[in-house]
Amino acid sequence: MNVTELFNRPQKQLAVLVDPDKLNNDQLESLTKKAQKSGVDYFFVGGSLLTSGSLETCVRILKENSNIPVVLFPGNTYQVSSRADAILFLSLISGRNPDMLIGMHVIAAPYIKMSGLEVVPTGYMLIDSGKPTAVSYMSNSFPIPADKKDIAACTAMAGEMLGLKVIYMDAGSGAQHTISEEMTEFVKQSVDVPVIIGGGIKTEEKLESILLSGADIAVIGNKFESDPDLIERFAAKVREINERG
Ligand code: 1GP
């Protein structure tokens, strides 16, 4: 199965977000082994900026120490590695910055084609989380207000109609407030493609309520960076939800 097919599986899934800037090689190797042991579904790899970490080294360590699919979640056009399994080809449909809707894609397209990576056309939607995030600043775009679930749903619908294969709603890394269950549910009911939710998920309770309200895949970065031992517990929670049905 390729990554797009894996995203479409009926069960709830867990992605660990790895920012190559945040972990040294030893920490990354240890986190990778924990994720492998715990049965995590994906690694998402990327960051708004890469200032010290190496994307290539990061992907190599993930691949050498696990058989978990590695999916690039690029913060810019430089974050392409042919060692990964797939790339989220992100169109920032919550914003009105043409560079993030199509401009960067034109620049990246030939490199991505040469890389041979599986391309997952992704409708990326930033949702307001109470304070400006790195990605809203770097993308020069406004997030969708947190209480405007109708705007979020119509944006997701439009993305699906444009042919995007997955919707990723993100409150931003380290968000103060996660995306609400109400918005998650409303968006999920509005589209047939898988819905990914991330940003600020820190507890098993939150993970559970986001998945039960309709998210197909939950993405967690910050919390696992500060406490990698939680990976096992969070992955067990996802398994438990799937077994309950
Ligand atoms: C950010 O959705 C991801 O783009 C994950 O956010 O780091 O807050 O878990 P956290």
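The values are calculated or read from the model by the stated rules, or taken from the named source; none is laboratory data. Computed from a prediction, not measured in an experiment: that's the story for all the values here. A quick note on method: Cβ atoms are made from the backbone with ideal geometry, for glycine too, and the neighbour counts reach across all protein chains shown. SASA here: full protein model, heavy atoms, side chains in, ligands and nucleic acids out. Shrake-Rupley method; radii C 1.70, N 1.55, O 1.52, S 1.80 Å.
Stokes-Einstein at 25 °C, 0.890 mPa s, Kirkwood radius from Cα pairs: D for the range 184-245 in µm² s⁻¹? Translational D for this selection: 202 µm²/s. Dipole magnitude for the chain: computed about the Cα centre from +1 point charges on Lys and Arg Cβ and -1 point charges on Asp and Glu Cβ, it is near 240 debye. Candidate cross-link partners of Lys12 among the aspartates and glutamates, defined by an alpha-carbon separation under 12 Å and a same-chain spacing of 8 or more, comprise Asp41, Glu208, Asp216, Glu240, Glu243. Based on the alpha-carbon gyration tensor of the range 135-245 and its eigenvalue square roots a ≥ b ≥ c, which shape applies: rounded if a/c is under 1.5, prolate if not and a/b is larger than b/c, or oblate? Oblate, since a/c reaches 1.5 and b/c is not below a/b.
With a/c under 1.5 counting as rounded, go ahead and sort the chain into rounded, prolate or oblate using the C-alpha gyration tensor (a ≥ b ≥ c being the square roots of the eigenvalues; past the cut-off, prolate if a/b is larger than b/c, else oblate). In terms of gyration-tensor shape, rounded. The residue among Gln79, Gly53, Gln36 whose Cα reaches farthest toward the positive pole of the charge dipole of the range 20-104, with charges on the beta-carbon of Lys, Arg, Asp and Glu, is Gln36. Under a Gaussian network description of the chain, with springs only between Cα atoms under 10 Å, the residue in Thr184, Thr32, Thr77 that fluctuates furthest is Thr77.
A 1.4 Å probe run over the protein chains yields, for the chain, 46 Å² of accessible area per residue, whole-number rounding.
Applying a length cut-off of 27 Å (Cα extent along the axis) and a mean Kyte-Doolittle floor of 1.0 to the DSSP H helices of the chain leaves no helix.
With a ≥ b ≥ c the root eigenvalues of the C-alpha gyration tensor of the range 55-105, is it rounded (a/c under 1.5), prolate (a/b larger than b/c) or oblate? Prolate is the answer for the range 55-105, as a/c is 1.5 or above and a/b outweighs b/c. If only the Cβ of Lys and Arg carry +1 and only the Cβ of Asp and Glu carry -1, the dipole of the range 173-245 around its Cα centre is close to 60 debye.
The range 117-144 and the range 16-56 have their alpha-carbon centroids 20 Å apart.
Electrostatic bookkeeping for Arg60 treats Lys and Arg as +1 and Asp and Glu as -1; over the other residues with beta carbon under 12 Å from its beta carbon, the sum is -1. Given charges of +1 on the Cβ of Lys and Arg and -1 on the Cβ of Asp and Glu, with all other atoms neutral, how large is the dipole of the range 1-56 about its Cα centre, in debye to the nearest 20? It comes to approximately 300 debye. Per the 1.4 Å probe, what fraction of the accessible area of the chain, in percent, lies on carbon and sulfur atoms? Within the chain, the accessible surface is 53 percent carbon and sulfur.
Taking each of Lys131/Lys223; Lys113/Lys165; Lys63/Lys149; Lys113/Lys188; Lys148/Lys188 in turn, the alpha-carbon distance tops 26 angstrom for Lys63/Lys149; Lys113/Lys188.
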